[in-house]
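Peer 1: Before I ask anything, here is the structure I am working with.
The values are calculated or read from the model by the stated rules, or taken from the named source; none is laboratory data. In this text, all values refer to a predicted model and were calculated from it rather than measured experimentally. Cβ placement follows ideal geometry from the backbone for every residue including glycine, while neighbour counts extend to all protein chains displayed. Remember, those area values only see protein heavy atoms, side chains included, never the ligands or the DNA or RNA. Shrake-Rupley method; radii C 1.70, N 1.55, O 1.52, S 1.80 Å.
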Amino acid sequence: QVQLVESGGGLVQPGGSLRLSCVASGSILSPNTMSWYRQAPGKQRELVAATHSDGSTNYAASVKGRFTISRDNTKKVVSLQMNSLKPGDPAVYYCNFHRCYRGFWGQGTQVTVSV
């Protein structure tokens, strides 16, 4: 089992920045993929960014160039630096750990973008 705890959400003005963090505990084995997803009201959950054990990353087109995902394998933390936040970014952001066809989710953290 894997437990994930997110933090760092909040309210920010358009153009502002937030940094989300997710601490993983439990059976953290490699290789694995750690990702951030988001879900806005009335919409499906979508992949925002992912980081793999080999160091590679991938991003949704809507956030590329604005968001940066990083991981610290020693501390078992994955972070998402979000810059230039837009009105389309507000959602509940979820951390995901995936390995061997099994995925685990955190409880989510709310990101709100408003003047």
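Peer 1: For region 1-57, give me each residue that is open to solvent by 30 Å² or more (accessible area, probe 1.4 Å), among the charged types (D, E, K, R) and under 25 Å from Pro90 (Cβ atoms).
Peer 2: Passing the criteria: Arg19, Lys43, Arg45, Glu46.
Peer 1: Ok, one more. Provide a single number: the residues in region 101-115 that are under 17 Å from Asn83 (Cα atoms) and at pLDDT 90 or above.
Peer 2: So the first thing to find is which residues in region 101-115 are under 17 Å from Asn83 (Cα atoms), and the list is 109-115.
Applying the additional criterion that residues be at pLDDT 90 or above yields 109-113.
The qualifying residues number 5.
Peer 1: Next question, about the same structure. Mind counting the residues in region 37-66 that are in contact with a Ser or Thr (Cβ under 9 Å, 6 or more places away or on another chain) and either in contact (Cβ under 8 Å) with a residue 24 or more places away in the chain or farther than 16 Å from Gln81 by Cα (or both)?
Peer 2: Going through region 37-66, the residues in contact with a Ser or Thr (Cβ under 9 Å, 6 or more places away or on another chain) turn out to be 46-53, 57-59, 65-66.
When the remaining residues are screened for being either in contact (Cβ under 8 Å) with a residue 24 or more places away in the chain or farther than 16 Å from Gln81 by Cα (or both), the result is 46, 48-49, 51-53.
Within region 37-66, residues that are in contact with a Ser or Thr (Cβ under 9 Å, 6 or more places away or on another chain) and either in contact (Cβ under 8 Å) with a residue 24 or more places away in the chain or farther than 16 Å from Gln81 by Cα (or both) number 6.
Peer 1: Among what's in region 70-112 and is of a type in the set (Ser, Thr, Tyr) and without any contact (Cβ under 8 Å) to a residue 12 or more places away in the chain, pick the residue that is most open to solvent (accessible area, probe 1.4 Å). Don't jump to the end; show me each part of the working.
Peer 2: First, pick out the residues of region 70-112 that are of a type in the set (Ser, Thr, Tyr): 70, 74, 79, 84, 93-94, 101, 109, 112.
Cutting the leftovers down to without any contact (Cβ under 8 Å) to a residue 12 or more places away in the chain gives us 74, 101.
Working: Thr74: 127, Tyr101: 213 Å².
Selected residue: Tyr101.
Peer 1: Follow-up. Within region 1-21, track down each residue that is among the aliphatic types (A, V, I, L, M) and either without any contact (Cβ under 8 Å) to a residue 24 or more places away in the chain or over 18 Å from Tyr37 (Cβ atoms) (or both). Show your work before the answer.
Peer 2: Residues of region 1-21 among the aliphatic types (A, V, I, L, M): 2, 4-5, 11-12, 18, 20.
Passing the criteria: Leu11, Val12.
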